[in-house]
Amino acid sequence: MIICPNCKHSNMAGSMFCMECGAQLAGADILTTQNMDTGQGQETAPQKIPSSQPAAVALNTWITLHLMDTGQVIPLNDRSEFTLGRISDGQPIMPDIDLSPYQAYAHGVSRLHAVIKQASHHVLVMDLGSVNGTYVNGKRLNPNVEQTVNNGDIISLGKLKMQVLLKIS
């Protein structure tokens, strides 16, 4: 167990952020330092996403994720369900949307962190049992329980915040 220096909450071993107050836990700096390899991926990611590109890139884009820290957008299309996470060496199962180029490791994003899907007239997000949690508008989701999200809601995977922008038909 790791005790939060801010609120004294007991957190699971390996947690980067406190489950109670969100403070960075002692020892997380070591994990962040080991993340130097992803810095090279960060430099190439902006080249793949032109800054002049509009949020709704394709006609069949039903949702766009707006990364709050960088202003970059990730349009999701072609399917109605996506897993969100980060790719890691030797990982047999990979997420549909790799957030590694957006400092996912440093922000506490798990390899398979959450799923977002379109179901009839709703958009749902579900935490997949991640260590650092999934939040909608600051409220932590229970693992494996779907939560409806609306246009403009803020989803946080660990400390990686993104705004949901839905295509209004």
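The values are calculated or read from the model by the stated rules, or taken from the named source; none is laboratory data. This is a predicted model, so every value here is computed, not measured. Here the Cβ is made from the backbone with ideal geometry for all residues, glycine too, and neighbour counts use every protein chain on show.
Check whether at least one residue in the range 56-65 is at pLDDT 50 or above and within 14 Å of the chain's Cα centre (by Cα), and report yes or no. Scanning the range 56-65, I find at least one residue that is at pLDDT 50 or above and within 14 Å of the chain's Cα centre (by Cα), so the answer is yes. Restricting the range 59-74 to residues that are among the polar types (S, T, N, Q) and part of a loop (DSSP other than H, G, I, E, B), the residue that is nearest to N150 (Cα to Cα) is T61. Filtering the range 131-144 to residues that are free of Cβ contacts under 8 Å to residues at least 40 places away in the same chain and closer than 13 Å to L160 by Cα leaves T134, Y135, V136, N137, G138.
Looking only at the range 92-100, decide whether some residue is under 13 Å from the mean Cα position of the chain (by Cα) and hydroxyl-bearing (S, T, Y). There is at least one residue in the range 92-100 that is under 13 Å from the mean Cα position of the chain (by Cα) and hydroxyl-bearing (S, T, Y). Scanning the range 80-91 for residues that are farther than 15 Å from M126 by Cα and within 9 Å of the chain's Cα centre (by Cα) returns a single hit, R86.
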